[in-house]
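A short reminder: the numbers here are calculations on the coordinates, not readings from a lab. From a predicted model like this one, the values you see are computed outputs, not experimental measurements. Every residue, glycine among them, receives a Cβ derived from its backbone with ideal geometry; neighbour counts consider all protein chains shown.
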Amino acid sequence: MVRDPRFDILFEPVRIGPVTAPNRFYQVPHCTGMGYQLPATVAAMRGIKAEGGWGVVNTEYCSIHPSSDDVPHPFSSLWDEGDVRNMAVMAEAVHVHGALAGTELWHGGMRSSNHLSREVALGPSSLPAMESPWQCARMDADDIRQYRRWHRAAALRAREAGMDIVYVYAAHSYLLGQFLDHGINQRSDEYGGDLMARSRLLREVLADTRDAIGDRCGVALRIEVDNEDGGGFAERSALLEALAPMVDLFDVTIADYSQEMGGSRFVREGSLEPRIVHVRQITGKPVVSVGRFTSPETMLGQVKRGVVDMIGAARPSIADPFLPAKIRAGDEDDIRECIGCNICYAHNSRGAAIRCTQNPTMGEEWRRGWHPEKISTAARREQVLVVGAGPAGLEAGLTLARRGHEVKIAEASHSPGGRLQWETKLPGLAEWARVRDWRLHQISKLSNIEIFRSSPLGAEDVLELGIPHVVLATGSRWRKTGRGRSFSAAIPSFDDPRTHSPEEVMAGSAVNGPAVVFDDDHYYVGAALAEHLALRGLEVTYVTSEGKAAEWSIYTAEQPRTQARLLERGVKVIVNTLVSGLTPGAAVLRCVFSGKTREIAAESFIPVTSREGDDALHHALKGKGLSTLALIGDARAPGLIAHAVYAGHKLAREFGEEVQAERRERALA
């Protein structure tokens, strides 16, 4: 393919102070769940992105001192020479592909509870530390001087490690942002007052950083264009203009993190444009910003309209590390587009290395040696039957075919996609269909794989085909019995014509109001079903055993918007409550704490509790002489879509190979 010349502008170099980025593709600092504990893992992942064409590749937030400790969340650090050596490995992995390496110097202030270091947290005022029953210390003049020394020392270490861009971080409610915040910063000294006065420490740190490393490294500033309450746009604009002489690159965002990091259920691509479009004009400096950019057309528009100079990306670079290379080669249709599920962010929030629903190799570059675009050809070509064309089956079939095997996928229904066929019809989940659509498109390009639709297979059918290697990706179904987190046994009264499974609801089952949705799963399905029914005009009560609607979506940064959306739709939300039974015309509710019960009207009931893997075919085929019989994805252990895709990919990578033990990274003295 030949690149569309309209996209040539995206491959122009951009000057950032004393350094030059080779193109406009900019991987902004983003969390990895790896941090300083896994330097080789981080370096391999960042190096893959540079190989994939990202002109600038940054670290995650990088602590400058033990008083900025974010445990249990993994973070990078530049506390000492050991950190310098670790970071140099990442810089070299990026430089070898001609990209610039950057790091985001970070102090959490009152957002750092310092669980590991046990250092006293610091802040402009003495207020409670993040999610902890203790407070930070109010920084006095000595503390401020000490902080500036720490920051300068970390900047020098960054330069020693080979970083080309060094950030001053004044966003996301961390220390410098806390000094800017009029609600937090109530000081009466020279560091308090109006915004210009509150920005004194920021200006001092910028000057320190430029003085220390500005001759060799670009100085970037990550900052919000508004105050934490969403106001202050005019005064923030004046501040940005005043800071411009000290800054080589502005990385700008807004205070509402649920929009910046918003999932596709609630936030569309490029949503920050109306808020940040003025920055380039008033500062006269290069600007980068994010927007979950997946469309080359959107990227092109951002640059041509003068919104940004560089296309900032975190999640899109995770979903497809080779996104720039594919645009450069004219292969835009091969881009593995981010679906905006935020599973990457969720696992960092859980203290684990990030992974991706679309890209099963993310986080496995060093540990398993997986590459997102390269895979070994099988030494011997085999015939493989995959039963089920859901996320696991499609990924397994595609990857097996890429390795050279002859693959047949049998799908019982007319339409491939499995659970995606109905889940993507829930409110806001349309973009998740990219998981299915990208794989179908890639399969269509290969001659050694075929999908047979409307082809349900029993054990005798499978054996009659004579294919020796069989992979079962037969999916799962939501239970209607109530078994799940709260009830290990079935609830007899749930066996009622009023009870509908999520699949039945989305298939058009006759659901009447008032409807009760019981969410004992705590992720998106229960809340999205409640919204779906409310949009149909039904009276809906959403009941959850947790303290918030869709509690687990806290980790995907969607929970506040999820609960707000339910309330906007008129859904009644009842928390910390179980549905313990059905009676004529009613559902029995039981408080999880007191055990007290009450009844509410229920003409329809939808339990979202747990799923049953469809493994009957697996049991029927056991001992029947097949060379391979593998059960994968939801059929084996119902999970996230990301689990299913990963299971399919891992099966295909390891098929016919001697499986090597995964590498474990250990810190050495």
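For this structure, a couple of remarks:
- Note on the chain: antiparallel DSSP beta bridges, both residues inside, total approximately 20 percent of the bridges counted.
- Unit charges at the beta carbon, dipole of the chain: most positive-side option, Q660, P72, S493: Q660
- Charge dipole (debye, nearest 20) of the stretch 482-596; +1 at Cβ of Lys and Arg, -1 at Cβ of Asp and Glu: 300
- In the chain, Cα pairs under 8 Å separated by at least six residues give a relative contact order of 12 percent.
- Using only side-chain charges placed at the Cβ, +1 for Lys and Arg and -1 for Asp and Glu, the dipole size of the stretch 295-427 relative to its Cα centre rounds to 320 debye.
- Dipole check for the stretch 568-669: with +1 at the C-beta of Lys and Arg, -1 at the C-beta of Asp and Glu, and the Cα centre as origin, the magnitude is about 320 Debye.
- Along each principal axis, Cα extent of the stretch 433-560, largest first, Å: 50, 36, 29
- A viscosity of 1.002 mPa s and a temperature of 20 °C, combined with the Kirkwood radius over Cα pairs in Stokes-Einstein, give a translational diffusion coefficient for the chain of 80 µm²/s.
- Over all directions, the projected convex hull of the C-alpha atoms in the stretch 1-154 averages 11.2 nm² in area.
- Derived from the Cα gyration tensor, the three semi-axes of the equivalent ellipsoid of the stretch 24-80 are 22, 12, 9 Å, largest first.
- Across the options A527, I144, L621, the greatest Cα extent toward the positive end of the charge dipole of the chain (unit charges at beta carbon of Lys, Arg, Asp, Glu) belongs to L621.
- For the stretch 356-426, the residue among N359, A378, G390 whose Cα projects farthest onto the positive side of the dipole built from Cβ charges is A378.
- Measuring gaps between exposed loop sites in the chain (chymotrypsin sites (Phe, Trp or Tyr not before Pro); DSSP loop; at most 11 other Cβ atoms within 10 Å), the longest gap, sites not included, is 135-592.
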